[in-house]
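There's a structure below that I have some questions on.
Every read-out reported here was derived from the displayed coordinates using simple, explicitly stated rules and does not represent laboratory data. Predicted, not measured: the structure shown is a model, and the values here were computed from it. Note: ideal-geometry Cβ built from the backbone for every residue, glycine included; neighbour counts use all protein chains shown.
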């Protein structure tokens, strides 16, 4: 059985793109045990994330994508913990929008495995919301962390620069709806859901995306 557990922290701040700025609440996920952990999406408040991590060793800070509201606290968290920030290479230009003078600690690739506390997180490249958007699938935890690719009720937003609606539909159809139907979906914003709940709602979107 998996030793890891999942914890969540909600942080608040702003999302800025294409000349607009919006207030947002972000889900920050922590996967680990009593000794080590991985943070998924270091948003807004490094102090709140550090408090949730506590005295555990942080082994990685994984970004599901690099829009500013998902990466703005990542450098401060990395500096405090010496953990590497990992971003998909296709989102490097978005990372540079927020952190022009700093590179991430490494780049993610499709099907890469990240190990923490006896649990494997599999990187699924799911472009559409952004070119380098990823999800993290944890089979032992029956969970997929979807960032802004899939929410309770449908796909993530695609109405801004760097996003594409047909691409996100293909990502959801080919990479997420193929997961076991009982898989819990832990999102970048809002409530959790499960694959079996979302699949019927997404049928119309998938048809429109073909």
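Under the 0.36 nm per residue contour assumption, what length would be gained going from the current alpha-carbon distance of residue 79 and residue 5 to full extension?
Difference between extended and current length: 24.2 nm.
Quick check on the exposure proxy: order 98, 197 from fewest to most C-beta atoms within 10 angstrom.
By the 10 Å Cβ count, ascending: 197, 98.
Report the Stokes-Einstein translational diffusion coefficient (µm² s⁻¹, integer) for region 13-144, Rh taken as the Kirkwood radius over Cα pairs, at 4 °C with viscosity 1.567 mPa s.
D = 88 µm²/s.
In whole Å, how far is the Cα centre of region 98-154 from that of region 1-74?
Measuring centre to centre over Cα atoms gives 12 Å.
Provide the convex hull volume over Cα atoms per residue for region 125-210, in Å³.
Convex hull of Cα atoms, per residue: 78 Å³.
Moving to a separate point now. Can you work out the PRE-style zone for residue 17? Point 7 Å along Cα to Cβ, and I want the residues of region 173-203 with backbone N under 16 Å.
188-190
Further question on the same structure: Of the residues 68, 111, 26, which exhibits the maximal mean-square fluctuation in a Gaussian network model of the chain defined by a 10 Å Cα contact cut-off?
Between 68, 111, 26, it is 111 that shows the largest mean-square fluctuation.
Taking 0.36 nm per residue of sequence separation and subtracting the Cα-Cα distance, how much length would be gained by fully extending the chain between residue 161 and residue 204, in nm to one decimal?
Residue separation times 0.36 nm, minus the Cα-Cα distance, leaves 13.1 nm.
Within a 10 angstrom radius of the beta carbon, how do 5, 175, 170 rank from fewest other beta carbons to most?
Ordered from fewest to most neighbouring Cβ atoms within 10 Å, 5, 175, 170 come out as 5, 170, 175.
For q = 0.10, 0.17 Å⁻¹, what log10 I(q)/I(0) does region 60-210 give under the Debye formula with an equal point scatterer on each alpha carbon and no solvent?
Those come out to -0.33, -0.94, one per q.
Now for a separate question. So how long is each side of region 34-79 along the principal axes, counting just the alpha-carbon atoms, biggest first, in Å?
30, 18, 15
Specify the residue with the greatest mean-square fluctuation among 139, 100, 155, computed from a Gaussian network of the chain linking alpha-carbon atoms under 10 Å apart.
Highest fluctuation among the options: 100.
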